[in-house]
Amino acid sequence: MLDISELSRRTGCPASKLRYYEDIGLIRSAGRKGLKRLFEESVIPRLTLIALGQTAGFSLTEIGALIGTGDRPELDRQALGVRADAIDRQIRELTALRDGIRHIMTCSAPSHLECPRFQRVLRVALKRRS
């Protein structure tokens with residue numbers, strides 16, 4: 001068993017975040033020792049999955065639905081595929097934006113507004129906003 005401060009130290013996750021995760025049902029404590037919450041070591045992989053899910057852009061609610069409440073999370077493969085597709089779209093959009101910005105840096109047009117490629121970058125940016 002790990003008390004909340006030891007779990008925090010081992011995972012780098014602040015105790016306040018651990019308490020919040022417990023409050024919303026992402027993790028469960030196994031009890032208390034005085035005022036400190038105690039956790040089984042099996043909570044560490046869950047915290048790793050939560051961090052991975054957040055990095056992938058899932059909300060905490062979505063992560064909760066993905067990993068469930070059991071000790072052995074069964075990940076929703078379809079939801080993961082949908083998110084992977086969204087990341088692929090975002091990568092394509094950001095790559096086009098990066099390439100456009102690099103072109104604008106070296107563009108020989110008298111004004112950026114006269115550059116056809118800059119005009120395309122503006123359209124992509126406008127499309128992304130709406």
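If the Cβ limit is 7 Å and pairs must be 6+ apart or interchain, which residue in the stretch 8-26 that is on the phi > 0 side of the Ramachandran plot pairs with which residue that is part of a helix (DSSP H, G or I)? Within 7 Å, the pairs are GLY25/GLY64.
Mind checking whether some residue in the stretch 77-85 is modelled with pLDDT of 90 or more, part of a helix (DSSP H, G or I), within 30 Å of GLU6 (Cα to Cα) and under 18 Å from the mean Cα position of the chain (by Cα)? No, the conditions are met nowhere in the stretch 77-85. Selection of the stretch 36-93 for residues being within 19 Å of GLY12 (Cβ to Cβ) and among the small types (Gly, Ala, Ser) yields SER42, ALA51, GLY53, ALA56.
Say whether the condition of being in a helix (DSSP H, G or I) and surrounded by 11 or more Cβ atoms within 10 Å (Cβ to Cβ) is met by at least one residue in the stretch 108-115. Outline the logic, then answer.
Just the residues of the stretch 108-115 that are in a helix (DSSP H, G or I), to begin with: 112-114.
Those still in the list that are surrounded by 11 or more Cβ atoms within 10 Å (Cβ to Cβ) too: 112.
The answer is yes, given that some residue of the stretch 108-115 is in a helix (DSSP H, G or I) and surrounded by 11 or more Cβ atoms within 10 Å (Cβ to Cβ).
Do we find a residue being farther than 30 Å from ASP85 by Cα and more than 17 Å from the chain's Cα centre (by Cα) anywhere in the stretch 43-57? Checked against the condition, which is being farther than 30 Å from ASP85 by Cα and more than 17 Å from the chain's Cα centre (by Cα), the stretch 43-57 yields no hits at all. Selection over the stretch 1-29 of residues that are in contact with a strand residue (DSSP E or B) (Cβ under 6 Å, 6 or more places away or on another chain) and within 22 Å of THR61 (Cα to Cα) gives a count of 1.
With assigned by TED's automatic domain parsing to the domain that holds THR48 and either modelled with pLDDT under 85 or outside any loop (DSSP other than H, G, I, E, B) (or both) as the only criterion, which of THR95, THR69 stands out?
On the way: THR95 fails: assigned by TED's automatic domain parsing to the domain that holds THR48.
Matching residue, one of THR95, THR69: THR69.
Can PHE118 be described as aromatic (Phe, Trp, Tyr) and either in contact (Cβ under 8 Å) with a residue 40 or more places away in the chain or not in a helix (DSSP H, G or I) (or both)?
Values: aromatic (Phe, Trp, Tyr): yes; either in contact (Cβ under 8 Å) with a residue 40 or more places away in the chain or not in a helix (DSSP H, G or I) (or both): no.
Judged against the criteria, PHE118 is not a match.
With respect to THR55, determine if the residue is loosely packed, with under 12 Cβ neighbours inside 10 Å and in contact (Cβ under 8 Å) with a residue 12 or more places away in the chain.
Numbers: loosely packed, with under 12 Cβ neighbours inside 10 Å: yes; in contact (Cβ under 8 Å) with a residue 12 or more places away in the chain: no.
No, not satisfied.
The values are calculated or read from the model by the stated rules, or taken from the named source; none is laboratory data. None of these values were measured; they are calculated from a predicted model. In this analysis, Cβ positions are derived from the backbone assuming ideal geometry, glycine residues included, and neighbour counts consider all displayed protein chains.
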